[in-house]
Every structure is written in C-alpha cells, then in structure tokens.
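Input: a single structure, listed below in structure tokens.
The values are calculated or read from the model by the stated rules, or taken from the named source; none is laboratory data. Since the model is a prediction, treat every value here as computed from it, not as a measurement. Please note: Cβ atoms are built from the backbone with ideal geometry, for glycine as well, and neighbour counts cover all protein chains shown.
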Amino acid sequence: MTRVSDDSRQPDNGPQAQPARRSGSASGLVLIDKPQGWTSHDAVARTRRLAGTRKVGHAGTLDPMATGLLILGINSSTRLLTYVVGLDKEYLATIRLGVATTTDDAEGEELGRAPAGAVAALTPEVVVAGIRALTGAISQQPSAVSAIKVDGVRAYARVRAGEAVDLPARPVTVSAFELLQETPVDGFLDLTVRVECSSGTYIRALARDLGAGLGVGGHLTSLRRTRIGPFRIEDACPLDELDVASALIGPAAAATRILGRLDLTEQQTIDLGHGKRIDIGGDQDRSPAGPVAAIAPGGRLVGLVEFRGGQAKSLVNFPPDDAPLPAASVTLPGPDGAA
C-alpha cells in the first residue's frame, strides 16, 4: 500500500481514549481530523476502542507532526481502503527556506544553514519559478526516513540502525503547487503553500527539492491534509470528539463517492452473491477504467465489480448486513470524480 509519509519515527504515545458509544459490527468509513502529536496508529487504536472492533485500518499515513484528514475503514469497509489510498490529495504546508535537515522536516537535525544574504536575495519571482519547476509530472526521490520497504525492512528502520539509505526516484504528479504567503523569520523565509498531488507524493521531499533548487536548502515545518479525493477536512470529526456511530459513512455511500455505481436487479444481486458474472448490456456497459460499486435494489453495497464486455464480474464482496443506500440511476465517475 502506498503511503504518503511515515508515522513511525516517534513512539505511540497519543492521549488515552475516553469512553464513548460503541458501534459494534457497523461498517463504513470515518473521516478524522488528526491532531498534532498523534501517530496514525494512535488514531486507529482509539477508534478500535470506540467502535468495539479490531477491524479498523487507515488509508494514507500522516506523520505525528502533521494534522488533518485521516480516513479510517471499519469492519468490512476496510476493503475500500485500497481504493481510497490511490486518490489524489491536497495539503496546506509551511516550507522553511535557508536550512536543510536530515529528515526533510522540522524533526531532523540541521545539515547546514544558508547565508542570510542568500535567503534575502530570493525574490517572489525566483521562488515562484522554483515552485513551477516542481509542478506537473515530476520524478521525486522519497526521504530516506520513510515507510517505504527496502528488502522487507522499512527505510526509517534502516536509517535508525545506522545504514545509509538511498531510495530510487519515482514518478509523481503535482497538479497544483501554489504559493500563498511569504514570511521572513530570523534569516529564513517561510512559505505557506497549497499542494494538490497524486498518491505517493512526499510533501517533505517537495520542501527539500525546492530549497535545493533555490540553492539555500529547505525543509517542511508544518503540514495539514485538507482533502483525499472527494473527502474534505470540513466533513471530518476532531478525534477527541469522535462518536463512531454518528460519524460513519456507510459502505454503499462511501463506495459510490469514490467509484462508479451500478444498480442491480434482484436476480443480479443473487447471481453476484453466488460468484456469477451478470449481463449488463446496453448503456450500462461503459467499460470504466476501474471497479464500480454494485448496489442492490434496497441500497446495499453488494460488492465491487469490473466490466468485461457486456458482463460484470465481482472483484470484492460485502456482507449483507451493511447499511443500505437509497436507489438511484446508474452513474459512473465523471472527469472530476477523484479530484
């Protein structure tokens, strides 16, 4: 599973959970506004206690220093997380120009400071030009202190053991890299930026590469994730106020927000449940690139299917006790479906 960043460089010492109403066997996605200082695992552990189940996972790690949107899957809806992970992301971040660090963020040791005069000479035009060079389809080398596995071992674990880790660059897409504000601070230059990017993009690496490109060094000092695909931070619940039952987005509603929708007949519902392919034909055979949520007449998510010619084949099945979704016409993702 592709991770945005690594949450394992600090101990799991998040605040203790408080008693709350349990959701039992309920399934769905929960949108969390993760506070600073918590690992993503802290958030999962607390939600497990609140939900009364160990079947809780997350889609896309946030570092302890970062805040913002963390999407959790509960019970059978953990099967949707694979598709959430691949969605585009949006962040608000602060980049400090004038000093690089060993971890490309504020938690690492300084690698050396640029002369104050060099930082002061950075005009807005020069900074914007550096940002533009990191916008679009680019090749990015992840930070050595990341959760990427090298021969089965996390890169950060190898670094902690004293190994030198040099991860290969990989293609990512930065669809938007916008400078919102410049603030001089004690000989440094802090940039407030907004970034929209593909899954697997490291904002720490953008900060590092921007500073290197400008010749002064740079690192990330704050990060807030504000969007994952169609899910926005405005709809998230602060972790210390979480009531799982009321925050839950049912599996059918969640799946149809990130995937296309195929409404089934009663017989098609039975056939899919038995592992059979179903004929869809006509206008419904639109051959989308990815899976589609198959919805029963009562609104329940039956499973995720893919189209093969005039038929639909089940990829992932969901249990019949999941919450239903109101009936609607067949829809498939539009051009803005995941952005």
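The table that follows gives values for the structure above.
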{"item": "Residue in region 124-137 that is free of Cβ contacts under 8 Å to residues at least 60 places away in the same chain, in a strand (DSSP E or B), of a type outside the set (Asp, Glu) and surrounded by fewer than 23 Cβ atoms within 10 Å (Cβ to Cβ) present", "result": "yes"}
{"item": "Cross-chain or 6+ apart pairs with Cβ under 9 Å, region 193-217 first and farther than 23 Å from residue 119 by Cβ, then surrounded by 23 or more Cβ atoms within 10 Å (Cβ to Cβ) and of a type in the set (S, T, N, Q)", "result": "202/5; 202/143; 202/146"}
{"item": "Qualifying residues in region 314-330 (those that are surrounded by fewer than 19 Cβ atoms within 10 Å (Cβ to Cβ) and under 13 Å from residue 270 (Cα atoms)) - the one modelled with the lowest pLDDT", "result": "320"}
{"item": "Neighbours by Cβ (under 8 Å, 6+ apart or cross-chain): first from region 32-45, touching a residue at least 60 places away in the same chain (Cβ under 8 Å) and closer than 15 Å to residue 225 by Cβ; second basic (Lys, Arg) and assigned to a helix (DSSP H, G or I)", "result": "none"}
{"item": "Per-region count, region 251-269, residues crowded, with 20+ Cβ neighbours inside 10 Å and outside any helix (DSSP H, G or I)", "result": "5"}
{"item": "Near pairs, Cβ below 9 angstrom, 6+ apart or cross-chain, from region 260-287 (under 12 Å from residue 302 (Cβ atoms) and small (Gly, Ala, Ser)) to any residue that is in a loop (DSSP other than H, G, I, E, B) and at pLDDT below 90", "result": "273/320"}
{"item": "Lone unmet requirement of (1) more than 20 Å from the chain's Cα centre (by Cα); (2) of a type outside the set (Phe, Trp, Tyr); (3) within 23 Å of residue 228 (Cβ to Cβ) for residue 101", "result": "(3)"}
{"item": "Residue match in region 55-70 (condition: in contact (Cβ under 8 Å) with a residue 24 or more places away in the chain and farther than 26 Å from residue 179 by Cα)", "result": "yes"}
{"item": "Residue within region 197-220 that is within 15 Å of the chain's Cα centre (by Cα) and over 18 Å from residue 63 (Cα atoms) present", "result": "no"}
{"item": "Residue satisfying condition, being closer than 23 Å to residue 107 by Cβ, surrounded by 21 or more Cβ atoms within 10 Å (Cβ to Cβ), in contact with a Phe, Trp or Tyr (Cβ under 6 Å, 6 or more places away or on another chain) and modelled with pLDDT of 95 or more, within set 216, 195", "result": "195"}
